[in-house]
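K.L.:
Got a structure here, written out as structure tokens. Questions coming.
Please treat every number below as a calculation from the coordinates, not as lab data. None of the values given here were measured: they were computed from a predicted structure. Note that we place each Cβ from the backbone using ideal geometry, even for glycine, and neighbour counts take in every protein chain shown.
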Amino acid sequence: MKKLSKNVVSLGIVSLFNDAASEIIYPLLPAFLSSVLGAGAFVLGVIEGIAETTASILKFFSGYISDRIRKKKGLVVAGYSLAVFGRPLTGIATSWIHVLLIRFFDRVGKGIRTSPRDALIADSTSPEVRGFAYGFHRAMDHLGAVLGPLFAVWMILGFGMDLRHLFLLAFIPGILALLILIFFVEEKAGESIKKTSWRLGPVSMNFRLYLLSLILFTLGNSSDAFLLLKAQNTGIKIAFLPLIWVFLHLVKVLTSVPGGLLSDRIGRRRVIIAGWMVYALIYLGFGLSNKNWHIWALFALYGIYFGLTEGVEKAFVADLAKEEERGTAFGLYHLAVGLSALPGSAIFGFIWQRFGELHAFLFGAVLAFLASFTLFAFVKEAV
């Protein structure tokens, strides 16, 4: 097995610490808003809607700008810095407006850093190990999502720590992530630019069709909150819902690298299609499930779906885009996925409320099948 570059390993560790810092706070944010600040579900929806839409839009612009200026690390450092220094301020918030502003700047940071970081991974990786590199990065990110909540539970149950002091502690893994990024990640020397072109970058028909297949899939890919709601409706006790969440991320950790390695061997398109087909079957399963063990089994399969697709989709973006256009390519990828997710969850919720949960899950499964067919029939593997 070929080794990963220092940049890829360092960026993986950065994501581990940063996601651990984020997940110390994020799972407890609804409880903090309701029990400490007295805000309701509508406020939570407004905060998350504004935050995620902002991130999706900025991911495009940051990627596009990184191609134009031929600099990626500076944008990545700026994006992580906003999150690292802003996120712990949730611990001193006295109003939901403060939380909104903190989440807004946290997502601004995510929007600024994500596309340049993904392009930087591609610049630091040879094509034959690209799936391995993105799979490793996703595995480290998910490992942080396991360690963060476990640390929070340890602090609360073991030491009786209140939420405000716990949120302030999130600064420690965040600053470690930033220091590793600054001192261990190196910028690849960019070519001098004689004339700046401000066209839209990777607009080949093949890339557009790939984005179309992603949009189709994402329109049927609802928020994971619906899966947790289904688990609760099936009889899973509320106390066990965080354990399901940790279990899901553990499966993601274990499957992300194998999924990336498989795509290096047999091709990205085949692995993505396999993952999307698994997703369709999972959603059919959620629609028909009526026992607790069904839910645990389906969440395990759901983690396998992530392992087959999350890193591989990004590796395919890097394969299809020219080196000088990768930032823009990742920006378009994140924009398409991010903006499609908003109506996707709304449509899913409407179908659930109007026609029942089975029909909602069937809707997601059908769109996954359509997206798989589009990817198989119209999108070509990179040569």
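K.L.:
Viscosity 1.306 mPa s, temperature 10 °C: what is the translational diffusion coefficient of the range 311-383 from Stokes-Einstein with a Kirkwood Rh over Cα pairs, rounded to a whole number of µm²/s?
P.N.:
Translational diffusion coefficient: 111 µm²/s.
K.L.:
Let me ask something else. Rounded to whole Å, give me the distance from the Cα center of the range 21-37 to that of the range 308-375.
P.N.:
For the range 21-37 versus the range 308-375, the Cα centre distance is 27 Å.
K.L.:
In the Gaussian network model of the chain, springs joining C-alpha atoms below 10 Å, which of Glu187, Glu325, Glu23 carries the largest mean-square fluctuation?
P.N.:
Maximum fluctuation in the GNM of the chain, among the listed residues, is at Glu187.
K.L.:
What is the local net charge at Gly364, summed over the other residues whose Cβ is closer than 14 Å to its Cβ (Lys, Arg +1; Asp, Glu -1)?
P.N.:
Net of charged neighbours comes to -1.
K.L.:
Here is a follow-up. If we sort 149-157, 214-222 on the protection proxy, mean other Cβ atoms within 10 Å, highest first, what's the order?
P.N.:
214-222, 149-157
K.L.:
Could you order peptides 312-324, 82-94 by the average number of other Cβ atoms within 10 Å of their residues, highest first?
P.N.:
Per-residue mean Cβ counts within 10 Å order the peptides as 312-324, 82-94.
K.L.:
What order do you get for 122-129, 9-16 when each peptide is scored by the mean count of other beta carbon atoms within 10 Å, highest first?
P.N.:
The packing order, highest mean first, is 9-16, 122-129.
K.L.:
Still on this model: Can you give the helix-only mean residue ellipticity at 222 nm for the chain, where every DSSP H stretch with n ≥ 4 adds -39500 (n - 2.57) and the sum goes over all residues, rounded to the nearest 500 deg cm²/dmol?
P.N.:
That calculation yields -26000 deg cm²/dmol at 222 nm.
K.L.:
Okay, moving on. Considering only the other residues whose Cβ falls under 15 Å of the Cβ of Lys2, what net charge follows from Lys and Arg at +1 and Asp and Glu at -1?
P.N.:
So the surrounding residues net to +2.
K.L.:
Positive end of the charge dipole of the range 1-187 (Lys, Arg +1 and Asp, Glu -1 on Cβ, about the Cα centre): tell me which of Phe159, Thr125, Leu100 has its Cα farthest that way.
P.N.:
Thr125
K.L.:
What residue among Arg268, Arg107, Arg208 has the largest mean-square fluctuation in a Gaussian network model of the chain, using Cα springs under 10 Å?
P.N.:
Most flexible of the set in this elastic network: Arg208.
K.L.:
What whole number of Å gives the distance from the Cα centroid of the range 112-168 to the Cα centroid of the range 204-276?
P.N.:
Here the two parts' Cα centres lie 17 Å apart.
K.L.:
Report the local net charge at Gly86: Lys and Arg +1, Asp and Glu -1, summed over other residues whose C-beta lies under 15 Å from its C-beta.
P.N.:
Summing Lys and Arg as +1 and Asp and Glu as -1 gives +4.
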